[in-house]
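Visitor: I'd like to ask some things about the structure below.
The values are calculated or read from the model by the stated rules, or taken from the named source; none is laboratory data. Since the model is a prediction, treat every value here as computed from it, not as a measurement. Glycine also receives a Cβ, built like all others from the backbone with ideal geometry; neighbour counts cover every protein chain displayed.
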Amino acid sequence: MGHRARSERSITSQGRNATVAENGHTEAMLSPRCEPPTPDRSDEPLAAVARLADRTAVEGPWRSGSFAALASGGVLRGFVPAEYGGTALPEPVITATLIGIAEGCLTTALAVTQWAAAVRLIGGGSLDVQAELLPPLARGDTLTTVGISQLTTSRRHLAAAALVATKPRGDGAWQLDGHCPWVTGADSSDTIVTGAVTDDGTQTFFVVRTDAAGLTIDPPLEMLALTGSRTSAVRFAGVRPAHVVVSPAAGGVRTGGLSTTALALGAARASAAVMARESVTRPHLTAIAADFAAEIAGLSAALMAAAHHGIEPADRDRLRADANGLVVRAAQAALTASKGAGFVVGHPVERLVRESLFFLVWSCPQAVSDAVLCDLAAR
Ligand SMILES: Cc1cc2nc3c(=O)[nH]c(=O)nc-3n(C[C@H](O)[C@H](O)[C@H](O)COP(=O)(O)OP(=O)(O)OC[C@H]3O[C@@H](n4cnc5c(N)ncnc54)[C@H](O)[C@@H]3O)c2cc1C
């Protein structure tokens, strides 16, 4: 294949008191104390991602070289099991890496997250499927993405399933009909991992080649932010998937996981960095910048603790909701500090403000949306 609202409840307060556990890893992606890395200081692939961010926002990470930098720098391999050419980094390292990528370039971080979700689902496939698909993905020779929101957080109020899987021909082969409303990087990927509802109402997951007959990728959506993610709707008319990857019983779908919170904290760090820079010559901003830095540190500590030790679903949702509130407030504080200059298109802060709003809609389970709405309504 070719390339192509603040809350003083639960986790917030826990997070401020939490300590980050040692994990003993010495990978370049992680500082010895397991703190999220700073792209321009410690890590060349992440530094490259940050340098390419302006190009990536326009061209997308697949064309700007950002994704390639992560592949050649070995970052992608961290998400893949060792037996299939990966380095199988532990969850805390992955989480810290995602924070670092998101601080440098949220478009790239979104693309990596969707790539990683697809890789995780492929990991639920047969050994043959894993052996065929995972090594080239680990090397960055092929690219994949995920289109599963029709089973999780999109179109759930509608009576009919958005994407259905049937076996109409009597030969035992699956056929997909319908659509995925959201697929990041669809037109830049070789395959899409998607999920459909079968005749008996169960969910089944498939790998589909993007050049399969009957598959149409709509033009990428023009969005409030992250248009460079080349997110499209994908339509299926009698598409034959290349592989079935995971049975519903294995539970492949997860929303509102730690990676979404990692991206929110990375984006908040980018805004906090602006505050810190502005405060160098404007001492009255120092205390505000320090407050944001402390809040980010607290939630990051809670996130890293969750990555090390696990977290209850309700606490995970609260953590995500707290990170959502933080990223939006941090961006608006950076804008306030940057004044009118930050309001002009092209200033880094206007992009940070637009991008912060992404977290209000992306991969938000109902519990997270409800918590964010309560925070916004100051309930
Ligand atoms: C930039 C971006 C990239 C994304 N990339 C991916 C990706 O790569 N893969 C992926 O799987 N997903 C992706 N998503 C999808 C995302 O995770 C969410 O699923 C999506 O944002 C949910 O929004 P929706 O409009 O589809 O929700 P919907 O629930 O479909 O809501 C659409 C509209 O329906 C109405 N509505 C909603 N709920 C109800 C109700 N209960 N009763 C009546 N009316 C209702 C409202 O008017 C609403 O505006 C992406 C999203 C964004 C913004």
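Visitor: On the basis of being part of a helix (DSSP H, G or I) and under 22 Å from residue 228 (Cα atoms), does residue 119 make the cut?
Guide: yes
Visitor: Which of the following residues is among the small types (Gly, Ala, Ser) and out of contact with any helix residue (DSSP H, G or I) (no Cβ under 6 Å at 6 or more places or on another chain): 301, 314?
Guide: Details: 301 fails: out of contact with any helix residue (DSSP H, G or I) (no Cβ under 6 Å at 6 or more places or on another chain).
From the options 301, 314, the qualifying one is 314.
Visitor: For the range 150-186, how many residues meet the condition of being over 29 Å from residue 107 (Cβ atoms) and in contact with a Leu (Cβ under 8 Å, 6 or more places away or on another chain)?
Guide: Looking only at that region, the number is 3.
Visitor: Also, I was wondering about something else. Can you find, within the range 338-366, the residue that is farthest from residue 55 (Cα to Cα) among those that are surrounded by fewer than 22 Cβ atoms within 10 Å (Cβ to Cβ), aliphatic (A, V, I, L, M) and away from the ligand (no atom under 16 Å from the Cβ)?
Guide: Among those that are surrounded by fewer than 22 Cβ atoms within 10 Å (Cβ to Cβ), aliphatic (A, V, I, L, M) and away from the ligand (no atom under 16 Å from the Cβ), it is 341.
Visitor: So, residue 140, is that one touching a strand residue (DSSP E or B) at 6+ places or on another chain (Cβ under 6 Å), surrounded by fewer than 23 Cβ atoms within 10 Å (Cβ to Cβ) and more than 21 Å from residue 217 (Cα to Cα) or not?
Guide: No, not satisfied.
Visitor: Scan 228, 266 and give me the residue that is buried (at least 16 other Cβ atoms within 10 Å of the Cβ), within 30 Å of residue 314 (Cβ to Cβ) and modelled with pLDDT of 95 or more.
Guide: Of 228, 266, the one residue that is buried (at least 16 other Cβ atoms within 10 Å of the Cβ), within 30 Å of residue 314 (Cβ to Cβ) and modelled with pLDDT of 95 or more is 266.
Visitor: Condition first: buried (at least 24 other Cβ atoms within 10 Å of the Cβ) and closer than 25 Å to residue 287 by Cα. Now tell me which residues in the range 300-319 satisfy that.
Guide: If the condition is that a residue be buried (at least 24 other Cβ atoms within 10 Å of the Cβ) and closer than 25 Å to residue 287 by Cα, then 300, 302, 303, 319 are the ones that fit.
Listed here are the residues, each with its yes/no results for (1) in contact with a strand residue (DSSP E or B) (Cβ under 7 Å, 6 or more places away or on another chain); (2) under 16 Å from residue 189 (Cα atoms).
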{"residue": "85", "(1), (2)": "no, no"}
{"residue": "97", "(1), (2)": "no, no"}
{"residue": "103", "(1), (2)": "no, no"}
{"residue": "110", "(1), (2)": "yes, yes"}
{"residue": "128", "(1), (2)": "no, no"}
{"residue": "136", "(1), (2)": "no, yes"}
{"residue": "145", "(1), (2)": "yes, yes"}
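Visitor: Surrounded by fewer than 23 Cβ atoms within 10 Å (Cβ to Cβ), within 16 Å of the ligand (Cβ to nearest atom) and farther than 25 Å from residue 220 by Cβ: does that describe residue 159?
Guide: Answer is yes for this residue.
Visitor: Scan the range 169-186 for residues that are away from the ligand (no atom under 16 Å from the Cβ), in contact with a strand residue (DSSP E or B) (Cβ under 6 Å, 6 or more places away or on another chain) and either more than 13 Å from residue 238 (Cβ to Cβ) or not aromatic (Phe, Trp, Tyr) (or both) and jot them down.
Guide: If the condition is that a residue be away from the ligand (no atom under 16 Å from the Cβ), in contact with a strand residue (DSSP E or B) (Cβ under 6 Å, 6 or more places away or on another chain) and either more than 13 Å from residue 238 (Cβ to Cβ) or not aromatic (Phe, Trp, Tyr) (or both), then 175, 177 are the ones that fit.
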